[in-house]
Amino acid sequence: KAESPTTCVVMLTMSLDEGDLFEAVKQGAQGYVLKNTSAQQLREQLHEVARGEAPLSEAIAARILAEFNRQRAGGTDASLEPLTEREIQILKLVAEGLSNEEVGTRLFLSAQTVKKQLSNAMQKLHLNNRVQAAVYAISKGLVD
């Protein structure tokens, strides 16, 4: 990722270990997919990555939720620029695994507007990709 920042990285693994997942995200992975994923699902998830989305299997999403519920830190980081209500809404839906198109449908926005708002939120939070944005939203308790 350091040598080719525009390259999309997806981890295809059998590991359900939270440490492996979080290390992959820290190193720039945009997706974390289990090897037992069907060929059709894998193809769809790779297309999601190409569109700038971040595919996570249900098992991995459950692990992220469990880990962050254990480590939940209260409050917000005062050193970060505050998010707008719309940016928070979008982060919540991204953390639920929705694509830009699905978020747009829910909020009556275009996918391009969602992409721009999500980009603004990630810039404010110093995040690099959708996975990090989802992890942030979960860690801050934005997801029910």
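The values are calculated or read from the model by the stated rules, or taken from the named source; none is laboratory data. Treat the numbers as computed from the prediction; the structure is a model and nothing was measured. Here the Cβ positions follow ideal geometry from the backbone for every residue, glycine too, while neighbour counts run over all protein chains shown. With ligands, DNA and RNA removed, areas are computed over all heavy atoms of the protein, side chains included. Shrake-Rupley method; radii C 1.70, N 1.55, O 1.52, S 1.80 Å.
Descriptive notes on the structure:
- Filter result (closer than 21 Å to residue 139 by Cα and in contact (Cβ under 8 Å) with a residue 40 or more places away in the chain) within the stretch 101-127: 124, 125, 126
- Scoring residue 68 on the criteria (1) modelled with pLDDT under 85; (2) open to solvent by 40 Å² or more (accessible area, probe 1.4 Å); (3) in contact with a helix residue (DSSP H, G or I) (Cβ under 9 Å, 6 or more places away or on another chain) leaves a single failure, condition (2).
- Cβ separations smaller than 9 Å between residues 6+ apart or across chains give the following pairs from the stretch 80-96 residues that are in contact (Cβ under 8 Å) with a residue 24 or more places away in the chain to residues that are of a type in the set (Lys, Arg) and crowded, with 19+ Cβ neighbours inside 10 Å: 91/140; 94/130.
- Members of the stretch 23-41 found to be under 17 Å from the mean Cα position of the chain (by Cα) and in contact (Cβ under 8 Å) with a residue 12 or more places away in the chain, listed by number: 24, 25, 27, 28, 29, 30, 31, 32, 33, 34
- Among residues of the stretch 11-40, those that are assigned to a helix (DSSP H, G or I), touching a strand residue (DSSP E or B) at 6+ places or on another chain (Cβ under 8 Å) and open to solvent by 50 Å² or more (accessible area, probe 1.4 Å), counted: 1
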